[in-house]
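Some notes on the structure that comes next.
The values are calculated or read from the model by the stated rules, or taken from the named source; none is laboratory data. This one's a predicted model, so the numbers in the text were calculated from it and none came from an experiment. Neighbour counts are summed over all protein chains in view; Cβ atoms, including those assigned to glycine, are modelled from backbone coordinates with ideal geometry.
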Amino acid sequence: MIDLSTKYVGLRLRTPLVASASPLSHEIDGIRRLEDAGASAIVLYSLFEEQLRLEQMELDDRLAAGTDSFAEAVSFFPQANEFQLGPEGYLDHIRRAKRAVSIPIIASLNGATVGGWTEYARQIEQAGADALECNIYFLATDPDDSSNEVEQRYLDIVLAVKSAVTIPVAVKISPFFSNMANMAKRLDALGADALVLFNRFYQPDINLEELEIVPNVLLSTPQDLRLPLTWIGVLYGRLRASLAATSGVHGAEDVIKLLMAGADITMLCSALLRNGVGHLRSVENGVIKWMEEHEYESVRQMQGSMSQLHCPDPSAFERAQYMRAVKGAQHVVFSGREA
Amino acid sequence: MSAKRKIKTMDGNEAVAYVAYRVNEVIAIYPITPSSNMGEWADEWAAQGVPNIWGTVPQVMEMQSEGGAAGAVHGALQTGSLSTTFTASQGLLLMIPNMNKIAGELTPAAFHVSARTLATHALSIFGDHSDVMSCRTTGWAMLSSNSVQEAMDMALIAHASTLESRIPFLHFFDGFRTSHEVNKIEMLSEDDMRALINMDRVFEHRQRALSPDHPVLRGTAQNPDVFFQMRERANPYYDECPAKVRTIMEKFGALVGRSYHLFDYVGAPDADRVIVVMGSGAEVAHETVEHLNARGEKVGLVKIRLYRPFAVKDFAEAIPATVRKISVLDRTKEAGAVGEPLYVDVVNALHEALNHGYGKLRTLPVVVGGRYGLSSKEFTPAMVKAVYDNLEAAPPKEHFTVGIQDDVGHTSLSYSPEFSTEPENAVRAMFYGLGADGTVGANKNSIKIIGENTDNYAQGYFLYDSKKSGAMTVSHLRFGPQPIRSSYLVSKANFVACHQWIFLERYDMLSALVEGGTFLLNSPFGPNEVWDHLPRIVQEQLIAKNAKFYVIDAYEVARNTGMGSRMNTILQVCFFAISKVLPKEQAIESIRKSIRDTYGRKGEDIVQKNLKAVDETLAHLFEVKVPEKLTSTVEMPPPFSPSAPDFEKNVLGVMYAGCGDQLPVSAFPADGTFPTGTAKWEKRNLALEIPAWDEKICIQCGKCAMVCPHAVIRLKVYDSKQLANRPATFKSTDARDKEWQGLKYTIQVAPEDCTGCGICVEVCPAKNKTEPRLKAINMVPQPPLRVPERENWEFFLKIPELDRRDIKLTNIRQQQIEQPLFEFSGACAGCGETPYLKLMSQLFGDRAVIANATGCSSIYGGNLPTTPWAKNAEGRGPAWSNSLFEDNAEFGLGFRLSIDKQTEFARELVKRLAATIGEALAIALITSPQKDEADIYEQRQRVDLLKEKLKNLNSLDARQLLAVADLLVKKSVWIVGGDGWAYDIGYGGLDHVLASGRNVNVLVLDTEVYSNTGGQASKSTPRAAVAKFAAGGKPAPKKDLGLMAMTYGNIYVASVAMGAKDEHTLKAFLEAEAYDGPSLIIAYSHCIAHGINMTTGMSDQKTAVESGKWLLYRYNPERAAMGENPLILDSRAPTRKVKDFLNMETRFKMLLKSKPEDAKRLWEQAQQDADARYRLYEFLAQCKSKAAKA
């Protein structure tokens, strides 16, 4: 019997297949279907910290617009006795999700400033989440922001959240740091229970007809897994924190590669959006089949086996490998021309 | 005040609703100013599950009209429930038929009326007793409250009394003055209510209920043999009613400690002169009596509490034996009567009292009557004194007026405005703010802080503008150790605050400041620079009054703290910091607490930004040492341009300056008729930014002009010769349209009329290719452009309009060249209604007659001092009138019938006079098709010729034809109103008018709520929308008015949304007007009551259509006549989900935040509604065409 179980942020999971934050967890039915399809844990869709704030401001502005101006209409709306302007809806969702499924529920908080993180994190813990994933998406565009300041922002958030809650805190970050490994080490030192590698860098597009910059959210492709694979391979064995791979996890082989690089879990989103929730089961079956064929007994057995620490050629994760890769590419190009 | 009862500050409407809600089970409501708030409170409490005193939540139901509300109440009463309603003015009139029934059936009920003026020569939303006086014959008891506290007390006394007496009670209090005055009151407890409501009487009421378990027959028809006797059969109930009310009042006094009588006498026991009055004026008189008697006079006052049934004996006993002269004051006018109603009643009562020996008087005193306070006209102690003074004259003036200068009928009493009874130990403050800048909210909050946290009494009354954009508010606040009876405006203020710099240049606000008083100015200039920027009149008064002067840059503090345009917290802190009404630290702490209480439910960030504003304010508040010397060269400009006609300058201009009270009776027309084209004289300079045209980028599509709600963006095409002597910055370019080759083209903005809404920029499709953030029209700061663009605008106006015959109307690019005859309205900035009216005025305005239902469009269309309806160079333009709310379709049909009759008569006369005027002319006049602008032009030429000929003829026929000759040119009748009118209160009439087959054009400006009265739900309100009266989200879908109209088959129906497809809107307007029969255009109008960004209102419209939430279609019976499917569905199949639209608007989104589960369900149903409706229309549009083909 093959043992697929793994540990992530102290949680014992049946398999390393976790559903990452996505619209699939918007509804309780969706969460149930993810569990039924074999997800070993679910990261709920993200609570956007700025969105809550913007909604508060917008509601305040809209309800006040035009009031106390005209004798016949000193207001335009009934006074709602109680608005749920904080994360109440999200917290309620956590509670209902916990009641609906038996697998761990990991809440996700997305933001870029310290803002309301601590308060929201505390409320998320009270609502019963098994863990909290902090998705820190900060795009440094101000030329006056030094790398140090940018990094400090991440550290401040993690420190604030860790000091507010006792549940495990995973930190989802981007790979774009001067030294990703150093950043990972510092987050680890602050007590981050996991690093989730990586959040997607959403790059806008241009609508040529309208001459407008438009948001363009593309689903990941299997090629995207190289980035997390690289860094998980490098970081494995060097940190106390768990490592979660996300981006580009589409099939059984992707999962196996990432586990071998050192991931504790792999997270799926685009593949499920594209193929349906049932795809989880086929990935799991694929992993089992591969392990059977290659006579692996457990996930633990393969975890980190191809990391920089344990792989046959550690330099492959470094510049030497890059040199080889570039040369190899040149060869392909030139031989192509000659042909 | 008793310690056990809560002390609160609230307005009269809330005070009344608080009681009425708790002692009733069925509440039928309908919005009407100023009573709407009572219904809103009831609806909100019911939505929140607040129970009445018997622990059950009352049923609250919005009806389609006040008539409907009264009917529903009647039904509820007949089946044994305790039931009430709230209304005013015309609404009360619509209840009269049911009121007669309810009284005739001896049914206990109480209605609460915030008494409001009845529309006569004009509508007025303000207060007087003309509405309640119209109910004297209904058989209802009438109970008057004079103050906010009394309004709460009398509400309970009314309900208790009606149960005891079986006579229904009309409880009334003065609209606005009491309904909207905020005052400190002692709340009645639910125990008080239980103690006063006699449950035995409630059970008897239940016993009388219609029930099949003990059936009876009520509501019979009777014949001459018995009707009369039965009418008299109820007399004992009326005879016994006053005594029962007296007993209730005594019980109330014993319980609560406030003592009321049927008639309350106040003043010297040996008074020689007495005033009889009811309503808030009695409080003013009370204050004046005490003041005068303290100075040795012997005067008195009788306050009428129970006006009907009029208890003659009680009245007589209330009057001291020493009284020799009585003045009866009526807050109403009964033209042609012996006197006003209360006066006539008092005279009769005194006669009867003397005959029966009631009371202490043994001879009939001199009794005179007078009118005061119509339409909330100020009624002050000075006027009360004038009334007493009049009684000393020999003989006293009879049938007088007070408060106005009547130089026509010479009825008015003169008075000294300087006379004041204001106590020295009270603080009086006036605040000038801009609507929605938070001034009123801050002041209400200050009253609450002082009223509920200290022993001081507090009063607030708020004056609003009649404009919906850029409106000024003036808050009048009083604080003091004694109860405040001063139900009149502050005229001598210790503290004046100007919260907006622009008002300094427009209003003389320091005239009310007392010697040594304090002036707070929100100023962009600091303490060292501000002095030289002040207008001369301000400097003069600050020096002369030895005033203390403070400045704060609240704009900057608001910016720094994220408060935006809201300065409520900032200026409230300033008031407390300077005025010292409370110790500063205590006041600031109270403000902090209040911020947490008020904004806590809106989110922590809102709380924090307000708290931050408190701290920042104190650091930015500075005292300015008032110099001794005048330095200013800034003069206050005249309200209207000197080039305006005399009437506009001397009457409308004075009103615009806020000095209408000073105009004498002779200044006005006798019948309420006013000139049009007057809004152009108001240069309101509201916009901080205005659009600027980039002629190099512009593609001349005309969309900016089309959507401009205020008609401030104008297009002209003209010969280059017109550019001679153009101002240096006047922009012009070559016209791009092929048909205008060789001509010049200009888009000009009216810089001082623009409200800065930005809709034009939003819809502009032309982008700057090198910098696409810029368009062909861009918002830029107004102040630097004000002078040069004013010059450009004046130059632009002088360029002749293009001949209408040369404009292709089916193409927006060309059509928008037409001159708008609806301009610069006071509608909200970014209004979604006005672009439709403007389009109509461009297309048909020079021959349009408009019947306008009461609502937003009648207010921005016809609220004095000015009107946006305008005239062209030939003096032609829309003729406009508003009759009522409920009758507008019928009113407009009347126009049509009248015009058709006169046209028919004119044509008959032309035939009769053909030999005299010339056969050819006669034939041409009669046969002209008048299908297009060229035809119309030619017909006008013929009519001019005809009139020339007729002037020289003396026959009766010729004179008659001259009088109706203009009717030979086709007239376009437009019936305009909102959805409240079309879907609800006016629907019966609208249906009838549409079914008449007559050639009227109905334009429904569909905002999906009663916008004008503050956003109450109508039957047009879509499912899932939160609105007043639908606080929990509207559960039912929107009524499909268009589909209902289509069932007749002979009505042109179009559903349009300009922001979705402007060409479609234009096409629908042209087809509707061209159709020789009834037309109905339902025009989606975004609205501030939707809780949207008004700048992007047109985008909301687009999304509404793309999601299928709003359909575009045209149903043209002429197509059916040609064998085609009359219905064309102009909407494509939805490309977006309904939730995409719902997410754009607070009216939908707020339900997600207050009732997420309900929202989810209703949002899903809204999608189903849209899907089903699209499928139905698609089926109708397709299936019929197949049939036609077959």
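Some observations on this one:
- Restricting attention to segment B:827-874 and to residues that are more than 14 Å from chain A (Cβ to nearest Cβ) and aromatic (Phe, Trp, Tyr), the residue that is farthest from B:Ser898 (Cα to Cα) turns out to be B:Tyr836.
- Taking segment B:895-909 as the range and being of a type outside the set (S, T, N, Q), closer than 15 Å to B:Lys970 by Cβ and touching a helix residue (DSSP H, G or I) at 6+ places or on another chain (Cβ under 8 Å) as the test, the residues that pass are B:Ile899, B:Ala906, B:Arg907.
- Candidate set from segment B:583-613 (those that are of a type in the set (A, V, I, L, M), crowded, with 20+ Cβ neighbours inside 10 Å and more than 14 Å from chain A (Cβ to nearest Cβ)); member that is nearest to the chain's Cα centre (by Cα): B:Ile591
- Screening the candidates B:Lys703, B:Lys731, B:Lys716 for the property of being among the basic types (Lys, Arg), in the same structural domain as B:Ala776 (by TED's automatic domain parsing) and farther than 26 Å from B:Pro878 by Cβ yields one hit, B:Lys731.
- Of the residues B:Lys649, B:Lys625, the single one that is over 27 Å from B:Ser523 (Cα atoms), away from chain A (no Cβ under 14 Å) and basic (Lys, Arg) is B:Lys649.
- Condition check for B:Asp966: part of a helix (DSSP H, G or I), charged (D, E, K, R), over 27 Å from the mean Cα position of the chain (by Cα) and at pLDDT 95 or above: yes
- Hey, B:Gly71 in a loop (DSSP other than H, G, I, E, B) and touching a helix residue (DSSP H, G or I) at 6+ places or on another chain (Cβ under 8 Å) or not: no
- Selection status of A:Val214, touching a strand residue (DSSP E or B) at 6+ places or on another chain (Cβ under 9 Å) and within 20 Å of A:Val283 (Cα to Cα): no
- Within segment A:164-194, the residues that satisfy the criterion of being at pLDDT below 95 and not hydrophobic (A, V, I, L, M, F, W, C) are A:Ser174, A:Pro175, A:Ser178, A:Asn179.
- Elements of the type helices (runs of 4 or more DSSP H) sitting completely within segment B:815-934 and holding at least 3 residues that are in contact (Cβ under 8 Å) with a residue 60 or more places away in the chain and within 20 Å of the chain's Cα centre (by Cα): these cover B:856-862.
- Failed item, numbered, when B:Phe503 is tested on (1) surrounded by fewer than 23 Cβ atoms within 10 Å (Cβ to Cβ); (2) without any contact (Cβ under 8 Å) to a residue 60 or more places away in the chain: (2)
- Counting only residues that are at pLDDT below 95 and more than 24 Å from B:Arg506 (Cβ to Cβ), segment B:679-706 holds 0 of them.
- Filtered residues of segment A:215-260 (kept if within 17 Å of A:Val18 (Cα to Cα), in a helix (DSSP H, G or I) and of a type in the set (A, V, I, L, M, F, W, C)): A:Leu225, A:Leu229, A:Ile232, A:Ala252, A:Val255, A:Ile256, A:Leu258, A:Leu259, A:Met260
- Single residue of B:Ala47, B:Ala28 found to be over 29 Å from B:Asn456 (Cβ atoms), modelled with pLDDT under 95 and among the hydrophobic types (A, V, I, L, M, F, W, C): B:Ala47
- Only listed residue being within 14 Å of chain A (Cβ to nearest Cβ), assigned to a helix (DSSP H, G or I) and charged (D, E, K, R), chosen from B:Lys448, B:Lys444: B:Lys444
- Exclusive hit being surrounded by fewer than 17 Cβ atoms within 10 Å (Cβ to Cβ), over 30 Å from B:Ser179 (Cα atoms) and of a type outside the set (Val, Ile, Thr), set B:Pro535, B:Pro524: B:Pro524
- Residue within segment B:1074-1087 that is surrounded by 22 or more Cβ atoms within 10 Å (Cβ to Cβ) and under 21 Å from B:Trp41 (Cα atoms) present: no
- Apart from one condition, B:Leu797 fits all of (1) aliphatic (A, V, I, L, M); (2) over 26 Å from B:Gly1091 (Cβ atoms); (3) crowded, with 16+ Cβ neighbours inside 10 Å; (4) within 34 Å of the chain's Cα centre (by Cα); the exception is (3).
- For segment B:106-133, the tally of residues that are surrounded by fewer than 24 Cβ atoms within 10 Å (Cβ to Cβ) and within 29 Å of B:Arg208 (Cα to Cα) stands at 2.
- Criterion violated by B:Gly564 - all others in (1) in a loop (DSSP other than H, G, I, E, B); (2) buried (at least 20 other Cβ atoms within 10 Å of the Cβ) satisfied: (2)
- So B:Arg206, is it under 41 Å from the mean Cα position of the chain (by Cα) and either assigned by TED's automatic domain parsing to the domain that holds B:Leu306 or not hydroxyl-bearing (Ser, Thr, Tyr) (or both): yes
- Count of segment B:1131-1157 residues which are within 32 Å of the chain's Cα centre (by Cα) and either in contact (Cβ under 8 Å) with a residue 40 or more places away in the chain or away from every other protein chain (no Cβ under 14 Å) (or both): 12
- B:Lys1109 being in a loop (DSSP other than H, G, I, E, B) and surrounded by 19 or more Cβ atoms within 10 Å (Cβ to Cβ): yes
- Residue check, B:Val73 out of contact with any Gly (no Cβ under 9 Å at 6 or more places or on another chain) and either within 14 Å of chain A (Cβ to nearest Cβ) or over 18 Å from B:Asp174 (Cα atoms) (or both): yes
- Single residue of segment B:1039-1051 satisfying the filter (part of a loop (DSSP other than H, G, I, E, B) and touching a residue at least 40 places away in the same chain (Cβ under 8 Å)) that is surrounded by the most Cβ atoms within 10 Å (Cβ to Cβ): B:Ile1051
- Remark: pairs (first residue in segment B:253-279, farther than 29 Å from B:Ile7 by Cβ and not assigned by TED's automatic domain parsing to the domain that holds B:Ser161; second residue among the basic types (Lys, Arg) and not in a loop (DSSP other than H, G, I, E, B); Cβ separation under 6 Å; 6+ apart in sequence or on different chains) = B:Arg273/B:Lys325.
- Residue check, B:Glu762 within 14 Å of chain A (Cβ to nearest Cβ) and either assigned to a loop (DSSP other than H, G, I, E, B) or buried (at least 16 other Cβ atoms within 10 Å of the Cβ) (or both): yes
- Filtered residue count, segment B:11-49, keeping only those that are under 21 Å from B:Arg194 (Cα atoms) and charged (D, E, K, R): 3
- The residues of segment B:1029-1060 that are at the interface with another protein chain (Cβ under 9 Å from one of its Cβ atoms) and either at positive phi or at pLDDT 95 or above (or both) amount to a single one, B:Phe1029.
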